[in-house]
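Reviewing the structure listed below.
The values are calculated or read from the model by the stated rules, or taken from the named source; none is laboratory data. Not measured: the values here are computed from a predicted model. Glycine gets a Cβ as well: all are built from the backbone with ideal geometry, and neighbour counts include every protein chain shown. Heads up: the accessible areas ignore ligands, DNA and RNA and are worked out on the full protein's heavy atoms, side chains in. Shrake-Rupley method; radii C 1.70, N 1.55, O 1.52, S 1.80 Å.
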Amino acid sequence: MDLNSASNVVLQVLTQATSQDTAVLKPAEEQLKQWETQPGFYSVLLNIFTNHSLDVNVRWLAVLYFKNGIDRYWRRVAPHALSEEEKTTLRAGLITNFNEPVNQIATQISVLIAKVARVDCPRQWPELIPTLVESVKVQDDLQQHRALLTFYHVTKTLASKRLAADRKLFYDLTSSIYSFTCSLWNHHTDTFLQQICTGDEAAASNSLERTLLSLKVLRKLTVHGFVEPHWNAEVMGFLHAIFERLKQFLQCSRSVRAESICRDRLEKTIILFTKVLLDFLDQHPFSFTALIQRSLEFSVSYVFTEAGEGVVFEQFIVQCMNLIKMIVKNYAYKPSKNIEDSSVETLEAHKIKTAFFTYPTLMEICRRLVTHYFLLTKEELTMWEEDPESFTVEETGGDSWKYSLRPCTEVLFIDIFHEYNQTLTPVLLEMVHSLQGSTNVEDTNAILIKDAVYNAVGLAAYELFDSVDFDQWFKNQLLAELQVSHDRYKPIRRRVIWLIGQWISVKFKSDLRPVLYEAIRNLLQDRDLVSVLFFLNIYLPVDDFEFRTDQFLPYLESMFTLLFQLLQEVTQCDTKMHVLHVLSCVIERVNMQV
């Protein structure tokens, strides 16, 4: 395909391919498809999407066709593969300049350069990284940003390669550019902090974008670019610097307007700092040993003390809790039963953990989790009132513990309680004993506290097996609370029936089943939808080994009728399926007696 004669023809067809008229669009797409394997086609596309005077939609389409062509025809073994001569020309053209004015097109160009780099860098494209390094040093803001964006996408792509030879190449690349990337990140970070202090929010936002991109590059290099990163002083220096930078950025968040672009980028950068730590811990647990103490001190301080008040936000709290959880649960930090079989690194990490998690620290974490983070929020209570079915699905479904605050706090509680149950069992039992008896329905805070404590007892059911006489508690306390019909007592009724569902497979006498069936029937009759659905979502009353048909038969007709009515009332598909499953289990268990 001759470039001079073909450019206008290809440009015309691309213009037609952006049309909303299918009569024009379809033939244009067919023609472009035929050209995909023609020599010179991608050189024409390169000339089109780098010509900033052309229509943006046409340039965007040219980029997409170029990117798709890389996937199909760039490798030498591909059918209709591009010639080496054309690929050499294209590689040179892609990094001639980094001055794309349109953000979306700039991102696509960065991605397609990264796709080429995955195949050709560094062997066939040794000049790519040096060119990017030089380009991010220039003073022109646009060129610097576009080069940094490409630098990130290339690094991200090369870091994802897993073959041993590719890993070796990435280690070599990292060793050659790590120092420069650290300096680049520090420069943009310091510039941002200076600008935000002087109140120049527009300039600060631009610097923050560069800070974010350079930090993304550092994340990939730090996590994937070293075999034993703890021997590299620059790596460990960068990781230790994260904690100070995080403090600075959290303080900055006080002075940035909540609705501004800068605030959004600031929070993304703060989260990215925590992702660096989490990724490094996941990939290099023993190299992380030197960071355990500081990570725990930082996370516990901001999440479980007054230090975080006014500066932390939900996603940051989630990330800090995930960091604590990963340290607590990490198998690399758990000694063998025979201490002599444990490595020196494991024993060192375990020693640091043990020294940190003292009784006062564990007690404060437990109390704050239960009495602060477990409390139902106003938004949750409102959702309960307005859409109880959706509220139930939100509370009981999904594997969202890594991303949402409530499930994250519950998973952290379970893990810490399991790891330190001998220390925390007396703390939780003391909280339970302080709540004996009925709660004043006018005292909303007391009701929410009791709901939270009961939640903790349910989550820790297996750990509390030898410490709680659940049968006595059910008869003397919980059953009475199920019978309180006041509207404001709904959270407690809901939590009690959930609590029973948690404990019934752990410790619950068969003789008490009829009393439980009676309580469930009353909830169904009272149309306490949330309580019933919570119970059904975690425990099927007829789906366990302790079930006795003779105990259930007196309640069969009324239960079946009420469950069928419930099936007609609920609207969400998942809920209907669950109720149908309970009905089918009832039929299966009682057999012909239905």
Would you mind stating whether THR361 is out of contact with any strand residue (DSSP E or B) (no Cβ under 6 Å at 6 or more places or on another chain) and either modelled with pLDDT under 95 or of a type in the set (D, E, K, R) (or both)?
-> no
Of the residues in the range 98-121, those that are open to solvent by less than 50 Å² (accessible area, probe 1.4 Å), assigned to a helix (DSSP H, G or I) and closer than 10 Å to LEU158 by Cα come to ALA114, ALA117, VAL119
All conditions in (1) open to solvent by 40 Å² or more (accessible area, probe 1.4 Å); (2) within 22 Å of the chain's Cα centre (by Cα); (3) free of Cβ contacts under 8 Å to residues at least 12 places away in the same chain are true of ASP387 except (2)
Restricting the range 170-202 to residues that are open to solvent by 30 Å² or more (accessible area, probe 1.4 Å) and β-branched (Val, Ile, Thr), the one nearest to LEU112 (Cα to Cα) turns out to be THR191
Pairs returned, first residue in the range 70-82 that is β-branched (Val, Ile, Thr), second residue that is surrounded by 11 or more Cβ atoms within 10 Å (Cβ to Cβ), beta-carbon separation under 7 angstrom, 6 or more apart or interchain, are ILE70/LEU112; ILE70/LYS115; ILE70/VAL116
- Hey, does the range 493-511 have a residue that's within 19 Å of THR425 (Cα to Cα), open to solvent by 10 Å² or more (accessible area, probe 1.4 Å) and either in contact with a strand residue (DSSP E or B) (Cβ under 8 Å, 6 or more places away or on another chain) or not in a loop (DSSP other than H, G, I, E, B) (or both)? yes
Residue set SER485, SER467; condition open to solvent by 30 Å² or more (accessible area, probe 1.4 Å) and either of a type in the set (A, V, I, L, M, F, W, C) or under 36 Å from the mean Cα position of the chain (by Cα) (or both); output residue SER467
Taking the range 11-46 and keeping only residues that are open to solvent by 80 Å² or more (accessible area, probe 1.4 Å) and either in contact (Cβ under 8 Å) with a residue 24 or more places away in the chain or in contact with a Leu (Cβ under 7 Å, 6 or more places away or on another chain) (or both), one is left with GLN38, PRO39
Within the range 205-236, restricting to residues that are of a type in the set (Gly, Ala, Ser) and closer than 16 Å to THR174 by Cα, the one that is farthest from the chain's Cα centre (by Cα) is ALA233
For HIS80, the lone unmet condition from (1) open to solvent by less than 20 Å² (accessible area, probe 1.4 Å); (2) at positive phi; (3) not hydroxyl-bearing (Ser, Thr, Tyr) is (1)
Original post:
Among the residues of the range 319-329, is there at least one that is free of Cβ contacts under 8 Å to residues at least 60 places away in the same chain and open to solvent by 60 Å² or more (accessible area, probe 1.4 Å)?
Top reply: no
**Report entry** Condition check for ALA307: over 23 Å from the mean Cα position of the chain (by Cα), modelled with pLDDT of 95 or more and part of a helix (DSSP H, G or I)
**Finding:** no
Within the range 127-143, of all residues that are more than 32 Å from the chain's Cα centre (by Cα) and hydrophobic (A, V, I, L, M, F, W, C), the one farthest from PHE180 (Cα to Cα) is LEU128
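To keep it simple, each residue is scored yes or no on (1) touching a helix residue (DSSP H, G or I) at 6+ places or on another chain (Cβ under 7 Å); (2) part of a helix (DSSP H, G or I); (3) open to solvent by 10 Å² or more (accessible area, probe 1.4 Å); (4) in contact (Cβ under 8 Å) with a residue 40 or more places away in the chain.
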site: GLU244; (1), (2), (3), (4): no, yes, yes, no
site: GLN251; (1), (2), (3), (4): no, yes, yes, yes
site: ARG257; (1), (2), (3), (4): yes, no, yes, yes
site: ARG263; (1), (2), (3), (4): no, yes, yes, no
site: ILE270; (1), (2), (3), (4): yes, yes, no, yes
site: LEU277; (1), (2), (3), (4): yes, yes, no, yes
site: PHE286; (1), (2), (3), (4): yes, no, yes, yes
site: ILE292; (1), (2), (3), (4): yes, yes, no, yes
site: PHE298; (1), (2), (3), (4): yes, yes, yes, yes
**Asked** Does any residue of the range 159-169 turn out to be within 29 Å of the chain's Cα centre (by Cα), modelled with pLDDT of 95 or more and crowded, with 17+ Cβ neighbours inside 10 Å?
**Response** yes
Exactly one of VAL217, VAL235, VAL223 is touching a Pro at 6+ places or on another chain (Cβ under 6 Å), assigned to a helix (DSSP H, G or I) and at pLDDT 95 or above, and that one is VAL235
- Report yes if ALA355 is modelled with pLDDT of 95 or more, open to solvent by 40 Å² or more (accessible area, probe 1.4 Å) and either out of contact with any Ser or Thr (no Cβ under 9 Å at 6 or more places or on another chain) or farther than 19 Å from ASN455 by Cα (or both), otherwise no. yes
Exactly one of THR439, THR425, THR444 is closer than 30 Å to THR358 by Cβ and among the polar types (S, T, N, Q), and that residue is THR425
By residue number, the members of the range 551-594 that are touching a Phe, Trp or Tyr at 6+ places or on another chain (Cβ under 8 Å) and open to solvent by less than 60 Å² (accessible area, probe 1.4 Å) are GLN551, PHE552, TYR555, MET559, LEU583, VAL586, VAL590
Listed by first then second residue, the pairs whose first member lies in the range 125-152 and is part of a loop (DSSP other than H, G, I, E, B), whose partner is not aromatic (Phe, Trp, Tyr), with beta carbons under 6 Å and at least 6 positions apart or on separate chains, are TRP125/ARG91; VAL136/GLN144; VAL136/ALA147; VAL136/LEU148; VAL138/GLN144
Per the filter on the range 86-97, residues closer than 17 Å to SER135 by Cα and either buried (at least 20 other Cβ atoms within 10 Å of the Cβ) or among the charged types (D, E, K, R) (or both) are ARG91, LEU94
May I ask you to verify whether GLU306 is surrounded by fewer than 17 Cβ atoms within 10 Å (Cβ to Cβ) and within 30 Å of LEU193 (Cα to Cα)?
-> yes
Going through the range 426-457 in order, the residues found to be open to solvent by less than 50 Å² (accessible area, probe 1.4 Å), more than 13 Å from VAL370 (Cα to Cα) and hydroxyl-bearing (Ser, Thr, Tyr) are THR439
Only one of ALA62, ALA78 is among the hydrophobic types (A, V, I, L, M, F, W, C) and either part of a helix (DSSP H, G or I) or farther than 20 Å from GLN124 by Cα (or both), namely ALA62
